Amino acid sequence: MNKRSIFWFKRDLRVDDNTGLYYAVKESKEVIPLFILDPQILKKLNPNNHRLGFLMDALQNLENELKAAGSYLMVVEGDPQKIFPDLFEKHWVDALYLNKAYGFDGANRDKIIRMLCLKNRVVFKEYEDTFLVPPDRVAERKVFTPFYKLWSRIDKRENLLKITKINSPVLEMDSLERIKRDYRFPTNKHWPMDFPQKRLKEFDFRRYDQTRNFPYIDGTSRLSPYIRFGLVSIRKIYRAASSLAGDANTFTSELAWREFWYHIMHYCPETRELEFQEKRRGIKWMNKEKWYEAWKEGRTGYPIVDAGMRQLKEEGWIHNRVRMIVASFLTKDLLIDWRWGDKHFFHSLVDYDENVDIGNWQWAASVGADPKPLRIFNPILQSHKFDPECKYIKKYVPELKEVAPEMIHDPLSYDLPYYEPVVDHYDMSKLAKEVYKKSSLP
């Protein structure tokens with residue numbers, strides 16, 4: 001039994017079913033719950049990044065949960081490498097508990113902290129918490145379907161861990177409210193902290209396959225920001241989905257896609273910077289700044305694309321079907337490097353997750369794992385099929401509220417009271433095929 005431990009919160013901002021926290025409480029007389037605001041991470045983000053507003057609300061929510069368990073949240077600003085030796089000495093800490101990080105930067109940072117613990121004679125205890133199946137538990141697979149077959153065979157029905165009481169020492173510290181005053185961040189308008197609990201009770205996972213592709217209806221779980229920051233455990237989500245829709249359901253396969261991209265990065269870490277497909281590493285991207293700015297601002301002249309990019313700007317989130325449309329448009333219609341798209345998503349998405357987003361961008365650009373013949377989404381057909389009455393488009397592109405849907409869908413055939421299309425989709429599709437073909441030549 002440890003006399004006094006620290007539990008280090010990172011991307012697991014909850015008390016309920018938190019593996020590392022559970023064992024810290026179970027194995028320690030006293031636990032100091034800690035979150036570190038690292039300026040090296042925060043300075044990478046634009047002050048208007050929706051992720052900052054979400055994070056501040058998530059920390060406040062976590063503090064409330066900890067207070068309900070009789071504890072508190074210690075928030076410290078600075079470099080973890082400098083903070084931990086001071087905390088270990090100042091507070092007579094015996095052990096550091098944490099959940100294992102799988103992002104590149106997080107994993108490297110935690111290796112350094114492990115060595116600091118060894119140097120300071122502090123026990124370092126790390127737990128699996130982020131995935132239903134850790135990336136290395138599935139033998140290497142480069143295509144999703146074979147991966148999913150192996151992944152599906154592994155038992156995922158773990159008991160959910162309950163924590164009702166946390167004993168913490170009385171310490172002097174800055175309040176979260178005081179610390180928040182040091183930062184500029186946007187108000188979190190779109191993502192209430194109690195949403196996951198309500199959603200898991202109300203969402204019909206059985207109909208997910210029928211509803212997920214239509215952005216004008218509430219047909220997706222919208223849980224991705226909460227998964228990203230760990231406000232709800234992945235096991236709890238899996239249990240809710242499987243209890244209603246069975247183990248083999250479309251929603252669970254989407255959870256597996258998230259784990260597939262971490263699986264790819266585990267076995268092929270070079271794809272953080274390079275295309276998974278070596279033959280695609282020589283694509284001659286056009287990378288026109290003017291087109292890139294039009295795409296980012298939602299003024300490409302293709303309403304379905306612009307609606308998605310405006311939703312991103314307003315909410316910090318895009319419907320998944322529309323994410324595929326805007327990603328295909330950037331890489332195939334504009335021939336702009338997928339890394340440019342990933343960079344913009346990093347600065348804009350609440351749910352940005354480096355491993356997952358890089359995997360999805362490479363998939364959309366037809367340069368990644370799970371290869372298929374060259375995918376080029378036709379924004380005109382996608383608009384017709386998935387937003388037939390333009391309800392989604394008109395919500396985010398109000399300039400077109402009075403325009404008939406058949407005209408909105410096809411900006412190449414109709415003169416809309418709107419931006420001119422920056423390119424002709426059909427001409428650029430032909431060019432993209434030529435460019436991709438040349439990239440694979442010896």
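The values are calculated or read from the model by the stated rules, or taken from the named source; none is laboratory data. Computed from a predicted model, the values in this text were never measured in an experiment. Backbone-built Cβ (ideal geometry, glycine too); neighbour counts: all protein chains shown.
Condition check: surrounded by 12 or more Cβ atoms within 10 Å (Cβ to Cβ) and not assigned by TED's automatic domain parsing to the domain that holds GLU254. Does LYS125 satisfy that? I'd like the intermediate steps shown before the answer.
Values: surrounded by 12 or more Cβ atoms within 10 Å (Cβ to Cβ): yes; not assigned by TED's automatic domain parsing to the domain that holds GLU254: yes.
It is true that LYS125 is surrounded by 12 or more Cβ atoms within 10 Å (Cβ to Cβ) and not assigned by TED's automatic domain parsing to the domain that holds GLU254.
Looking at this structure, is ASP357 farther than 17 Å from TYR292 by Cα, assigned to a helix (DSSP H, G or I) and without any contact (Cβ under 8 Å) to a residue 60 or more places away in the chain?
yes
I'm checking my understanding of the structure. Among residues of segment 149-168 that are loosely packed, with under 14 Cβ neighbours inside 10 Å, touching a residue at least 40 places away in the same chain (Cβ under 8 Å) and out of contact with any helix residue (DSSP H, G or I) (no Cβ under 7 Å at 6 or more places or on another chain), which one is nearest to ASN249 (Cα to Cα)?
Across segment 149-168, the extreme among qualifying residues is ARG157.
To keep it simple, each residue is scored yes or no on (1) among the aromatic types (Phe, Trp, Tyr); (2) under 24 Å from GLY103 (Cα atoms).
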| position | (1), (2) |
| --- | --- |
| ILE304 | no, no |
| GLY308 | no, no |
| TRP317 | yes, yes |
| LEU330 | no, no |
| TRP338 | yes, yes |
| ASP342 | no, yes |
| ASP353 | no, yes |
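Under 7 Å between Cβ atoms, at least 6 apart or on separate chains: pull out the pairs that start in segment 382-398 with a residue that is in the same structural domain as SER328 (by TED's automatic domain parsing) and surrounded by 17 or more Cβ atoms within 10 Å (Cβ to Cβ) and end on any residue that is among the basic types (Lys, Arg) and assigned to a helix (DSSP H, G or I).
Sorted first by the residue in segment 382-398, then by its partner, the pairs are PHE386/ARG321; TYR396/ARG310; VAL397/ARG310.
Kindly evaluate LEU13 against the criterion of being assigned to a loop (DSSP other than H, G, I, E, B) and closer than 18 Å to SER168 by Cα.
Details: assigned to a loop (DSSP other than H, G, I, E, B): yes; closer than 18 Å to SER168 by Cα: yes.
Judged against the criteria, LEU13 is a match.
Against the definition (under 30 Å from LEU62 (Cα atoms), in contact (Cβ under 8 Å) with a residue 40 or more places away in the chain and either buried (at least 20 other Cβ atoms within 10 Å of the Cβ) or in contact with a strand residue (DSSP E or B) (Cβ under 9 Å, 6 or more places away or on another chain) (or both)), how does GLU259 come out, yes or no?
Yes.
I'd like the full set of residues that are farther than 27 Å from VAL435 by Cβ, hydrophobic (A, V, I, L, M, F, W, C) and either touching a Phe, Trp or Tyr at 6+ places or on another chain (Cβ under 7 Å) or not in a helix (DSSP H, G or I) (or both), limited to segment 387-423.
Within segment 387-423, CYS390, VAL397, LEU400, VAL403, ALA404, MET407, LEU416 qualify.
Taking the conditions exactly as written (without any contact (Cβ under 8 Å) to a residue 12 or more places away in the chain, among the basic types (Lys, Arg) and assigned by TED's automatic domain parsing to the domain that holds VAL122), does LYS29 satisfy them or not?
No: the conditions fail for LYS29.
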